[in-house]
Every structure is written in structure tokens, then in C-alpha cells.
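Below is one structure, written out as C-alpha cells; comments come after it.
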Amino acid sequence: MPRHVILILEDNDERISAFSVVVAGMVPECQLRLWRDAPSFMAEARAWLPQASLISLDHDLNPQPGASQDPGTGLEVATWLAQQTPVCPVIVHSSNHERVESMVNELRFGGWTWERVGPWGSDWIAGAWRRKAGALLEAGRNARVSPLAATRPVDHAQRMARARISLDGLSVGDAFGESFFCPEEVFRDRTVHRHEAPPPWFVTDDTVMAVSVIEALGRDGFIERLSLARALAARYMLDPRRGYGATAHGILRQIHDDVPWMDAAGSAFDGMGSLGNGAAMRVAPLGAYFADDPDRTVREAVASAEVTHAHPEGKAGAVAVALAAAWTASNRGNDLPAHLLMEAAYSLTPDGETRRGLAAALRIPLETPPAQAARVLGNGSRISAPDTVPVCLWLAARHLQDYREALWATVAVAGDLDTNCAIVGGIVALSVGAEGIPADWLAAREAIPFPESLP
Ligand SMILES: [Mg+2]
């Protein structure tokens with residue numbers, strides 16, 4: 001089916017009218033969507049990407065009369081596009097040579113096909129631009145195929161479908177858990193009587209980061225660390241007040257400021273790196289994606305973790321959660337004993353505190369009251385991977401067939417409520433499936449900025 005939307009970034013009124021005339025004459029049934037500044041483009045264009053047949057970008061943008069916001073640049077848009085799934089060719093139509101080079105690099109590394117049109121002379125839109133745009137539209141389908149698509153496995157779509165279910169489980173869990181941050185007596189009353197908070201339930205950094213992980217998988221079929229690091233930092237900068245930990249603020253801001261991720265992540269805690277639970281809380285969809293291959297799950301989980309978590313325990317936490325998610329996805333409907341989920345995680349998680357916590361979790365019968373298990377395993381209140389991951393895997397195993405029960409049991413142990421619920425929800429969703437995530441809870445969760453253009 002042909003797609004007929006052309007997305008243009010351009011601030012100049014004369015050029016805007018010229019584009020309107022040329023596009024109308026070229027493809028009469030085509031829609032032209034036009035933005036005059038980079039922040040609006042990035043906020044609104046995502047919804048149009050699935051239908052886009054061509055994108056054309058200027059670089060230098062002047063503030064519009066009366067606008068208070070910085071108009072940004074075309075390079076910012078190219079960098080943002082590089083983090084989205086390539087869908088169509090891009091024309092760069094700026095005269096800023098140096099920045100055009102950078103824009104083209106960004107697009108190329110992101111797997112986009114691109115062309116340049118120099119804005120020379122008075123008639124370049126009706127001339128060179130129209131010829132180039134016409135040829136690209138004509139080439140149609142072939143021009144839209146990214147060379148990076150070859151790196152994706154043949155069953156990429158099924159893998160992404162599993163990852164999306166895990167993301168729903170993770171984000172509903174995150175928002176559900178977050179809604180329990182309230183005064184002690186209210187918390188006790190609500191958990192005992194199972195009173196849910198009125199909607200909307202807001203997601204936190206757990207979900208925002210998981211969106212970057214799933215976006216990377218959707219685009220490449222593996223974790224390309226530099227683009228993941230940049231996506232995590234870009235989403236952080238767009239909305240830093242999502243409950244990020246103190247260390248994460250520093251690391252993500254540095255990555256945004258072009259400090260290499262290995263330096264930013266490696267300098268935390270005087271060079272020890274973070275052993276926080278932040279890499280574990282975003283990784284369940286990755287386990288869903290690589291469900292058939294535990295060794296690959298370990299490698300990709302480490303790659304997804306180390307861009308922010310350099311400490312071995314920070315990475316081990318992510319490995320354990322990814323393995324538990326992978327085991328759950330690959331054994332759905334097999335009716336195996338649920339504690340095998342913890343064994344699957346234990347068997348390939350690198351040795352250390354987190355793994356010893358998993359060994360302790362394996363020794364606690366699943367009939368044990370959660371609060372009692374948490375006295376041994378921790379509840380995430382120290383925000384570290386060893387303090388968070390073992391109890392979460394134990395809770396997921398305890399309620400692997402019932403999403404609602406799993407999350408009520410998880411909030412009952414208190415601690416890092418949103419993260420615990422995100423981890424448990426991201427795993428249990430893979431056992432109960434999309435239909436097992438309560439529809440009323442899904443509706444209560446705020447709409448999340450999910451990359452809709454993903455396959
Ligand atoms: Mg959070």
C-alpha cells in the first residue's frame with residue numbers, strides 16, 4: 001500500500017509555500033506535514049512516521065515571532081531520527097556544510113537512506129528538490145529498506161510482539177507500584193484492603209528506559225550500545241523528573257553532553273560504577289526478545305546494562321532479570337514448576353552478591369509469606385541489584401500465573417515499589433500473555449511514549 005505523507009522541517013515562510021506548491025503538484029493525494037522547529041517535530045512526527053514516504057530537513061532554524069522556545073536544529077532531528085526505525089528516505093536541504101555532514105552521519109548510522117539537496121538559486125525547491133524527491137518516491141519500496149534490517153532475525157516480528165507484552169507488564173507494574181508512594185498509614189490500609197489509587201497512574205524512569213531498550217531491539221535486532229546510551233540520555237533530557245536515581249541524573253547528563261558512555265558510567269561512585277537496580281528494571285523485554293537463546297540473552301543484557309551500570313552487580317542484576325524473562329517466555333504454557341525461573345537465572349548469572357541472593361531465594365519455599373522472604377532477600381529499599389533482583393524473581397515465580405496477585409504481593413513487601421513491580425510485571429506478563437494483564441490497570445496507566453513506528 002503506498003504511503004503518502006511527506007514530513008518537512010523548515011522555518012522560512014517563502015520556502016514553506018514553495019514546498020506546499022511543489023508537493024501538491026507532484027503527488028496530488030499526498031499529505032504534507034510541516035514543522036518550523038525541532039522540538040515540535042520530535043514531539044509530533046513520531047505519529048506520522050509509519051505513513052511517511054519522504055522526510056526533508058533544514059538545519060538552521062530561526063525563532064518564530066512570539067515563540068519562547070529555542071527552535072533547535074535539524075541536526076537534533078537527525079539524531080532523533082537515528083533512534084527511530086528507518087521508514088523512508090531523508091533529504092537534507094541545508095546550506096550549512098559542516099552540520100549537513102553531521103546530519104548525514106547520524107542518519108547513516110541510524111540505518112536511514114539519505115540524499116542532499118543544496119538550496120542554491122531561487123528556484124531550487126521546484127527544481128533540484130522536486131527532481132530528487134520525485135526519484136525517491138518513485139524508487140518507493142526499495143529506497144525504504146534499511147541495510148540494518150539484514151541484522152534482524154527472520155522472526156523479528158514475533159520477538160518484538162513478546163517484548164511489547166513484557167513492556168506492557170513492566171510499565172503497568174511501574175505505574176501501579178509508583179501509585180503506592182503515600183503516607184505509611186494510607187499505604188498499610190491500601191495494601192491490606194487492596195484499594196487501588198484513582199487513575200491515572202504515572203510511569204517512572206523504569207518504563208522510560210525500557211522504551212529505549214525495546215526501541216533499540218526494534219531497530220537493530222541487537223543492543224548497539226552507543227545508540228542505546230544516547231537514547232537513554234535523550235529521553236532523560238526530555239523529561240528528567242521521572243524518579244531517576246541521583247547517580248542516573250549525573251551519568252545521563254554526561255552522556256547527553258557527549259562524554260563517552262564508558263567514561264560516564266565508569267566514573268560513578270569513584271570509579272566503581274553503579275550497582276543500582278536501574279539496569280535490571282528496564283531489561284525484561286530484552287529477555288523476551290532473546291527468549292530462545294540464554295547465552296545471547298546474557299550478552300545482550302550486559303550490553304544493555306553497561307552503558308549506565310559499570311559495576312559487576314549492576315550488570316548481574318540485569319542478566320538475572322533478562323534470563324528469568326527469557327525462561328518465562330520460552331516455557332509459556334509448559335506447566336513447569338515456577339521455581340525453575342530462578343534456576344534459569346541462577347545458572348548463567350555471573351557469580352557475586354546478586355547470584356548468592358538468587359541461591360538464597362531458591363531455598364525459600366514459594367508458600368512462604370512474601371514479607372518473610374523479603375526479610376532474607378531484601379526489598380529494594382537500598383536500590384541495589386542484590387537487594388532488589390532476588391526478591392523480585394522469587395515473587396514472580398510465586399505468582400507466575402496471576403499478574404494481579406503478583407503485583408499485590410510485590411507492593412506488600414514495600415521497598416522500591418515502582419521498580420520491584422516493573423521487574424515482576426515485565427516477567428509475569430510473559431507467562432499470562434497480553435490478555436492476562438488486567439485491562440482496567442492498563443487503562444489506569446498513563447499513555448506511554450511508545451515508539452509506534454516499530455515493526
Ligand atoms: Mg522508577
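The values are calculated or read from the model by the stated rules, or taken from the named source; none is laboratory data. Worth saying up front: this structure is predicted, and the values here are computed from it rather than measured. Positions of Cβ are generated from backbone atoms using ideal geometry, with glycine treated the same way; all protein chains shown enter the neighbour counts.
Test Val307 against the stated conditions and say whether it is hydrophobic (A, V, I, L, M, F, W, C), surrounded by fewer than 24 Cβ atoms within 10 Å (Cβ to Cβ) and on the phi < 0 side of the Ramachandran plot.
Spelling it out, it is not the case that Val307 is hydrophobic (A, V, I, L, M, F, W, C), surrounded by fewer than 24 Cβ atoms within 10 Å (Cβ to Cβ) and on the phi < 0 side of the Ramachandran plot.
Among the candidates His249, His309, single out the residue that is within 16 Å of the ligand (Cβ to nearest atom) and assigned to a helix (DSSP H, G or I).
Just a single option satisfies the conditions, and that option is His249.
Check Ala265 against each of (1) small (Gly, Ala, Ser); (2) over 21 Å from Thr419 (Cα atoms); (3) touching a residue at least 12 places away in the same chain (Cβ under 8 Å) and name the one condition it does not meet.
Ala265 satisfies all of (1) small (Gly, Ala, Ser); (2) over 21 Å from Thr419 (Cα atoms); (3) touching a residue at least 12 places away in the same chain (Cβ under 8 Å) except (2).
Identify all residues within the stretch 339-356 that are among the β-branched types (Val, Ile, Thr) and either assigned to a loop (DSSP other than H, G, I, E, B) or farther than 18 Å from Val424 by Cα (or both); write none if there are none.
Thr349
Among Ala434, Ala397, which is at pLDDT 95 or above and surrounded by 18 or more Cβ atoms within 10 Å (Cβ to Cβ)?
Ala397
Evaluate the following for Gly287: is it within 14 Å of Val389 (Cβ to Cβ), at pLDDT 95 or above and within 16 Å of the ligand (Cβ to nearest atom)?
No; evaluated as a whole, the condition is false for this residue.
Limited to the stretch 218-246, what total is found for residues that are within 16 Å of the ligand (Cβ to nearest atom) and either within 16 Å of Ala268 (Cα to Cα) or under 13 Å from the mean Cα position of the chain (by Cα) (or both)?
The qualifying residues number 6.
Pick from the stretch 151-206 the residues that are in a loop (DSSP other than H, G, I, E, B) and among the aromatic types (Phe, Trp, Tyr): which of them is modelled with the lowest pLDDT?
Once the filter is applied, the top-ranked residue is Phe181.
I'd like to check which strands (runs of 3 or more DSSP E) are fully inside the stretch 1-81 and have at least 1 residues that are small (Gly, Ala, Ser) and touching a Lys or Arg at 6+ places or on another chain (Cβ under 6 Å).
In the stretch 1-81, 52-57 are the strands (runs of 3 or more DSSP E) which contain 1 or more residues that are small (Gly, Ala, Ser) and touching a Lys or Arg at 6+ places or on another chain (Cβ under 6 Å).
Conditions tested, residue by residue: (1) part of a loop (DSSP other than H, G, I, E, B); (2) within 15 Å of the ligand (Cβ to nearest atom); (3) assigned by TED's automatic domain parsing to the domain that holds Gln84.
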{"position": "Thr368", "(1), (2), (3)": "yes, no, no"}
{"position": "Asn379", "(1), (2), (3)": "yes, yes, no"}
{"position": "Leu400", "(1), (2), (3)": "yes, no, no"}
{"position": "Val411", "(1), (2), (3)": "no, yes, no"}
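Under 6 Å between Cβ atoms, at least 6 apart or on separate chains: pull out the pairs that start in the stretch 198-209 with a residue that is farther than 11 Å from Val172 by Cβ and end on any residue that is in a loop (DSSP other than H, G, I, E, B) and more than 9 Å from the ligand (Cβ to nearest atom).
That search, which allows pairs on different chains as well, returns Pro200/Glu446; Phe202/Glu446; Met209/Arg282.
Among (1) at pLDDT 90 or above; (2) away from the ligand (no atom under 16 Å from the Cβ), there is one condition Leu137 misses while meeting the rest; what is its number?
(1)
Any residue at all in the stretch 357-365 that is in contact (Cβ under 8 Å) with a residue 24 or more places away in the chain, assigned to a helix (DSSP H, G or I), surrounded by fewer than 24 Cβ atoms within 10 Å (Cβ to Cβ) and not polar (S, T, N, Q)?
There is at least one residue in the stretch 357-365 that is in contact (Cβ under 8 Å) with a residue 24 or more places away in the chain, assigned to a helix (DSSP H, G or I), surrounded by fewer than 24 Cβ atoms within 10 Å (Cβ to Cβ) and not polar (S, T, N, Q).
Out of Thr368, Thr328, Thr354, report the one residue that is in contact (Cβ under 8 Å) with a residue 60 or more places away in the chain and closer than 26 Å to Glu178 by Cα.
Thr328
If I ask for residues that are away from the ligand (no atom under 16 Å from the Cβ) and assigned to a loop (DSSP other than H, G, I, E, B), which ones from the stretch 253-284 would you list?
Asp257, Asp258, Val259, Pro260, Ser267, Met272, Gly273, Leu275
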